[in-house]
Amino acid sequence: MEFERDTIINYDTVAEVTLCQEETLESIVPDACPDILRIVDVCGQATISGKQAREGVAQVTGMVRASILYQPEGGGGLRRMEVGLPFTCQAEAPGLTERGTVLASPRLRSAEARALNPRKVLLRVDLAVDITACQPMERPICVGVTGAEEEGLCQRQFQGEHYQLCAVQEKPFTFSDQVRLQGTGESPVLLAVRAQPVCTESKLIGSKLIFKGMVELYFLLQEAGGTLSAAHESMPFSQIIEVAGAGEEGDCQVEVEVASLQCDQLPGDGRELEVTLELLAQAQVYCRRPLTLLQDLYSTSNLMEVERENQPLCRLTEQSVRPQAVRELLETGEMVRSIVDARLVLGQVRQSREGKELVLTVEACVTVLYLDENELVQCVRRSLPVVCRLECPEGARCSCCCACPGEVFAAPAAGGVEVRFTVEFHCLTTETAAVPAVTNAQLGELRNAGEGQRPSVVLRMPAPGEELWDIAKAHGTTMEQILQANELEEDILPMGRMLLIPSTR
């Protein structure tokens, strides 16, 4: 027998986890900065600097760039102190090797600073790092037997498709642009800046993945008179990644992360900023692959020894974006005169099941800077759970990531600050079924060896649930001969009727 074989080439997701960890660092106030009277807020940006795939372990390194905002002794406006805090995290990834690829997305859930004395601070940051480890795999499969009819072999084939992760690619890129801040007068002090890249469009054309998006820039400014204000600007980007073997019908998922952010005020006009960004695009491409598997095999003349194994085949059950609107009151215990700035970071997505529903919950960490009734800058933080429900069959796998499109709206309200925002749950749900498949087979002795002459016709009643294939295989004949002998046109067996089963000689 000569088997026709094929190979399933794809990526297996061997780890998909969110790691939450705290990092702390003691730092001395620079000599050029005045002593600390009161720390108001910490604005930070988590950046990614490296990833590594090792045997069974996915490792990610990065840096938190934090701006500690404080009121100095002796009065005056807010001052800024810059602190860099490196971090390293690693996740267990059974099956991962050095050939694998690690995708990562670090987020700064919260950052706090405490003055140990007027010249020394303790910085504490709470990180959430999404890690996905992908391992390239090659699975040989048996499609069929060449010349089966001439050899008296009957084969049963499965025709279907496999929804697979067919490509994992990444591309670092750098771009810069000048941003003009609104307003007139003297140059403002740039207290903090943070960047949020968002991929808005991706498509496959031939072997190229084209993606576009925006980097949303958020600035916290202090004008010459001490007034605080927030500004928002957008920087568009467009890039191409080479992706081989995906086809133009693939489903693309592109995440863009910040590797470095540099923002400088140009001389002569402090409202003109030069922003330079180093970004890392991480792409996953899913595709539907038509598949043929040899499910069963027998000979009409010989006994056979057939080796089988289950082949896991995946199918897409749902791909959706589910927005959830949130409106909450953050209690402050004092009157809020005006809002200075509001920001939000999403934490870990947790999954639980309630009957047929899958419940997805993410923590939204909201921070609002405001002026109290004495015109002092204050800060309020809250962690708000956001819930999304979707129907999902048991045994299905849901991969979910969350994003917050648009800005966080905050306004003074009775008792505190009212915040409004929307969280999008990006859900990809798949089901995996085990399909029995032949891996190898060998011909044995003749069916009638040592048993005398086989009867030419057997009369029997089909058992409940028995298929025509099972009967033909058991008696060493073909389905076509049974259909012809019983004058049947379809392979659906009539219930309660005896069948004539001829032998093949």
Could you check residue 1 against (1) assigned to a strand (DSSP E or B); (2) modelled with pLDDT under 95; (3) under 30 Å from residue 161 (Cβ atoms) and say which number it fails?
(1)
Pick from the range 151-174, criterion under 35 Å from the mean Cα position of the chain (by Cα) and among the small types (Gly, Ala, Ser), ranking: surrounded by the fewest Cβ atoms within 10 Å (Cβ to Cβ)
160
Within the range 124-154, which residues are in a strand (DSSP E or B) and within 27 Å of residue 470 (Cα to Cα)?
140, 141, 142, 143, 144, 145, 153, 154
Restrict the check to the range 293-308 and report whether at least one residue is part of a strand (DSSP E or B), within 24 Å of residue 251 (Cα to Cα) and out of contact with any Gly (no Cβ under 9 Å at 6 or more places or on another chain).
no
Odd one out for residue 377 among (1) under 30 Å from residue 114 (Cα atoms); (2) of a type outside the set (S, T, N, Q); (3) surrounded by 15 or more Cβ atoms within 10 Å (Cβ to Cβ); (4) at pLDDT 95 or above
(4)
When (1) in a loop (DSSP other than H, G, I, E, B); (2) without any contact (Cβ under 8 Å) to a residue 40 or more places away in the chain are applied to residue 77, the one that fails is (2)
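Yes or no, residue by residue, for (1) surrounded by fewer than 18 Cβ atoms within 10 Å (Cβ to Cβ); (2) without any contact (Cβ under 8 Å) to a residue 24 or more places away in the chain; (3) of a type outside the set (A, V, I, L, M):
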position: 343; (1), (2), (3): no, no, yes
position: 347; (1), (2), (3): no, no, yes
position: 351; (1), (2), (3): yes, no, yes
position: 360; (1), (2), (3): no, no, no
position: 364; (1), (2), (3): no, no, no
position: 368; (1), (2), (3): no, no, no
position: 372; (1), (2), (3): yes, no, yes
position: 383; (1), (2), (3): yes, no, yes
Hey, can you tell me all the residues within the range 273-318 that are of a type in the set (Gly, Ala, Ser) and modelled with pLDDT of 95 or more?
281, 283
Could you tell me whether residue 88 is hydroxyl-bearing (Ser, Thr, Tyr) and either in contact with a Ser or Thr (Cβ under 7 Å, 6 or more places away or on another chain) or touching a residue at least 60 places away in the same chain (Cβ under 8 Å) (or both)?
yes
All but one of (1) without any contact (Cβ under 8 Å) to a residue 24 or more places away in the chain; (2) in a strand (DSSP E or B) hold for residue 284; which doesn't?
(1)
How many residues are exposed (fewer than 14 other Cβ atoms within 10 Å of the Cβ), more than 30 Å from residue 248 (Cβ to Cβ) and hydrophobic (A, V, I, L, M, F, W, C) when one looks only at the range 175-212?
0
Residue list for the range 388-411, restricted to those being among the hydrophobic types (A, V, I, L, M, F, W, C) and not in a strand (DSSP E or B):
392, 396, 404, 408
Counting only strands (runs of 3 or more DSSP E) wholly inside the range 412-505, the ones holding at least 2 residues that are assigned by TED's automatic domain parsing to the domain that holds residue 253 are 416-446
Just checking, does the range 388-407 include any residue being over 30 Å from residue 320 (Cβ atoms), loosely packed, with under 14 Cβ neighbours inside 10 Å and either among the basic types (Lys, Arg) or modelled with pLDDT under 95 (or both)?
no
Residues satisfying the stated conditions in the range 185-209, i.e. touching a residue at least 60 places away in the same chain (Cβ under 8 Å), of a type in the set (S, T, N, Q) and not in a strand (DSSP E or B):
187
Tally, over the range 325-363, of residues that are in contact with a Lys or Arg (Cβ under 9 Å, 6 or more places away or on another chain), modelled with pLDDT under 95 and among the small types (Gly, Ala, Ser)
1
Consider residue 175 carefully, then state whether it is within 30 Å of residue 341 (Cα to Cα) and of a type in the set (A, V, I, L, M, F, W, C).
yes
From the list 121, 57, pick out the single residue that is modelled with pLDDT of 95 or more and surrounded by fewer than 20 Cβ atoms within 10 Å (Cβ to Cβ).
57
Unmet criterion (only one of (1) in contact with a Phe, Trp or Tyr (Cβ under 9 Å, 6 or more places away or on another chain); (2) surrounded by 15 or more Cβ atoms within 10 Å (Cβ to Cβ)) for residue 148
(1)
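Quick one: is residue 246 surrounded by 16 or more Cβ atoms within 10 Å (Cβ to Cβ) and at pLDDT 90 or above?
So residue 246 does not fit the description; no.
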Answer yes or no as to whether residue 226 is over 30 Å from residue 377 (Cα atoms), among the small types (Gly, Ala, Ser) and surrounded by fewer than 17 Cβ atoms within 10 Å (Cβ to Cβ).
no
Go through 100, 62, 50, 77 for me and flag whichever is in the same structural domain as residue 168 (by TED's automatic domain parsing) and at pLDDT below 95.
77
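Does residue 221 meet the test of being surrounded by 13 or more Cβ atoms within 10 Å (Cβ to Cβ) and under 22 Å from residue 40 (Cβ atoms)? If you could, list the steps in order and put the result at the bottom.
Details: surrounded by 13 or more Cβ atoms within 10 Å (Cβ to Cβ): yes; under 22 Å from residue 40 (Cβ atoms): yes.
Yes, satisfied.
The values are calculated or read from the model by the stated rules, or taken from the named source; none is laboratory data. Keep in mind it's a predicted model, so treat the numbers as computed, not measured. No Cβ is skipped: glycine too gets one built from the backbone with ideal geometry, and neighbour counts run over all protein chains shown.
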